[in-house]
Amino acid sequence: MKQLAGEAAEGLLCSQAGIPPQAASKKFLDAYKKRFNTDPILYAPFTYDAANLLIAAMKKVDSADPAKYLPELQKIEFSGATGRIVFDAKGDRSDAEMTIFTIKAGKLEPIAIIKGGKTVSFEDFLAQQAAAKK
């Protein structure tokens, strides 16, 4: 957006499913930075969690056969880089977040998180996550 709109993109609001990468777990962020010598790209924490969820389901049924591990995948409760992951009856992530971003000084900045029908500022979301870990 910022490439196409240039300076006109300043203040633009947009939404994206999930949390911004900088809100991923500290363990994930530190490991990513160490391995790749940069901050994670937008979907890196979700890809990491998806791979680990598949591995956990395969281990649980001791098989790489999708007919065997996919039913188990839907039942898994998992604590990953993007938080607690549980799936609903349709296979969607329960209580998933949506992030509201703005473009500020040419950079995409998170400003709010929507979760469970409630909107909180990005700073409050980070504080809530930190408090929940204690």
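What follows draws every value from the coordinates through simple rules; no lab data is involved. No experiment lies behind these values; they were computed from the predicted model shown. As a convention, Cβ positions derive from the backbone with ideal geometry for all residues, glycine included, and neighbour counts pool all protein chains shown.
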Practice problem: Using per-residue counts of other Cβ atoms within 10 Å, averaged over each peptide, order 97-104, 119-126 from highest down. | Solution: 97-104, 119-126
Quiz item: 222 nm [θ] for the chain, helices only, -39500 (n - 2.57) per DSSP H run of 4+, per residue, to 500?
Solution: -12500 deg cm²/dmol
Quiz item: At a Förster distance of 25 Å, what's the computed FRET efficiency of residue 14 paired with residue 126, Cβ-Cβ distance as r, to 0.05?
Solution: 0.80
Self-check item: Dimensions in Å of the range 24-91 - Rg and Dmax from alpha carbons
Solution: 13.4, 39
Practice problem: Using only Cα atoms, figure out Rg for the range 1-127 and give it as a multiple of 2.2 N^0.38 Å. | Solution: 1.22
Practice problem: Please order 93, 84, 35 by the number of other Cβ within 10 Å, starting at the fewest. | Solution: 35, 84, 93
Quiz item: Looking at the square roots a ≥ b ≥ c of the eigenvalues of the Cα gyration tensor of the range 93-134, which shape do they give, rounded for a/c under 1.5, prolate if a/b is larger than b/c, or oblate?
Solution: oblate
Exercise. Can you spot the lysines whose alpha carbon is less than 26 Å from residue 90's alpha carbon? Ignore those fewer than 8 places along the same chain.
Key: 59, 60, 68, 75, 115, 118
